[in-house]
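The values are calculated or read from the model by the stated rules, or taken from the named source; none is laboratory data. If you're wondering where the values come from, they're calculated on a predicted model, not measured in any experiment. Positions of Cβ are generated from backbone atoms using ideal geometry, with glycine treated the same way; all protein chains shown enter the neighbour counts.
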Amino acid sequence: MNLHKKLLCTAGVALLLSSTSLFAADKSARDILNNAYQYIGGMDKYAFTAVVIDDEMQDGETTEKYKHTVSVKVDRPGKLRVETTGTVKNRSNYLNEGSYTMIDHGHNYYGQIKTPKTIDASLDVLFEKFGIRAPLAQLIYSDMDKRVKFRTSKYFGTKDVAGVECDYVAFKNGTKEVHVWIATGDKPLVKSYSIIDTSTDSASRINTSVTWNTNANTSDSDFVFVAPKGSSKISVNRAK
């Protein structure tokens, strides 16, 4: 059985706006986003929980297609754990210094792949060679500020997000828009973001809210996969 099924695709940030000149705004928005990614990339150990909701417009009304909760633990340079539960997914992902495991709890099967020793390099291999996507990868990479690309951007000032003052920035590339709310102050963490696909009339939108734990207590055992009783190991094929 082939395991290269994509998880929640939130890869890369690419994305908003009109074709007018946005030179000054672009610089401000870019600096805010880069500052956030540099801060996240500079943390050695942290955890966060994200609620991801996929909405779609139908006849002028918003319809919720699915909802997932994603719990992430990061221990750089080489340990990562991602738990996804919700409408259509119930999966766990383990990355432990060169060994990646994904288990589907609904079917009780799992696959394993040898990877590089670091999180960044492992994610690249999983994405490029196996078509696997890690949920919220842009909040996991240590060098996302160097990876992010977008055509236009804009800064909308500060907004309150669940009682936290945030800089509101947005980006566009082609038919994709990303709106991001980043906490102001000395901990510029991404609090919320929306990815909008404008290529169809339904204008589907994925909304994500993030709760951070920058002082997470993690142990080596958190990243060690132990096959559940009755589970089956399957082969993992490269994406074609």
Ser209 hydroxyl-bearing (Ser, Thr, Tyr) and either exposed (fewer than 13 other Cβ atoms within 10 Å of the Cβ) or over 27 Å from Arg91 (Cα atoms) (or both): no
Residue identified as more than 20 Å from the chain's Cα centre (by Cα), assigned to a strand (DSSP E or B) and charged (D, E, K, R) among Lys229, Lys172, Lys159: Lys159
Tell me which residues, restricted to the range 106-156, are closer than 22 Å to Val74 by Cβ, in a loop (DSSP other than H, G, I, E, B) and either touching a helix residue (DSSP H, G or I) at 6+ places or on another chain (Cβ under 7 Å) or among the hydrophobic types (A, V, I, L, M, F, W, C) (or both). Thr115, Pro116, Ile132, Arg133, Ala134, Leu136, Ile140, Tyr141, Ser142, Asp143, Val148
Here the residues within the range 133-156 that are in contact with a strand residue (DSSP E or B) (Cβ under 7 Å, 6 or more places away or on another chain) and either β-branched (Val, Ile, Thr) or crowded, with 21+ Cβ neighbours inside 10 Å (or both) are Ala134, Pro135, Leu136, Leu139, Ile140, Phe150, Thr152, Ser153
Taking the criterion of being within 28 Å of Gly106 (Cα to Cα) and free of Cβ contacts under 8 Å to residues at least 60 places away in the same chain, would at least one residue in the range 198-221 satisfy it? yes
How many residues are buried (at least 21 other Cβ atoms within 10 Å of the Cβ) and closer than 18 Å to Ser232 by Cβ when one looks only at the range 70-92? 1
Search result, residues across the range 93-103 that are among the charged types (D, E, K, R) and crowded, with 18+ Cβ neighbours inside 10 Å: none
Unique residue being modelled with pLDDT of 95 or more and out of contact with any Asp or Glu (no Cβ under 9 Å at 6 or more places or on another chain) when the list is Gly174, Gly131, Gly163: Gly163
Exactly one of Arg147, Arg81 is at pLDDT below 95 and among the charged types (D, E, K, R), and that residue is Arg147
Scanning for something assigned to a strand (DSSP E or B), of a type in the set (Asp, Glu) and modelled with pLDDT under 95, does the range 195-205 turn up at least one residue? yes
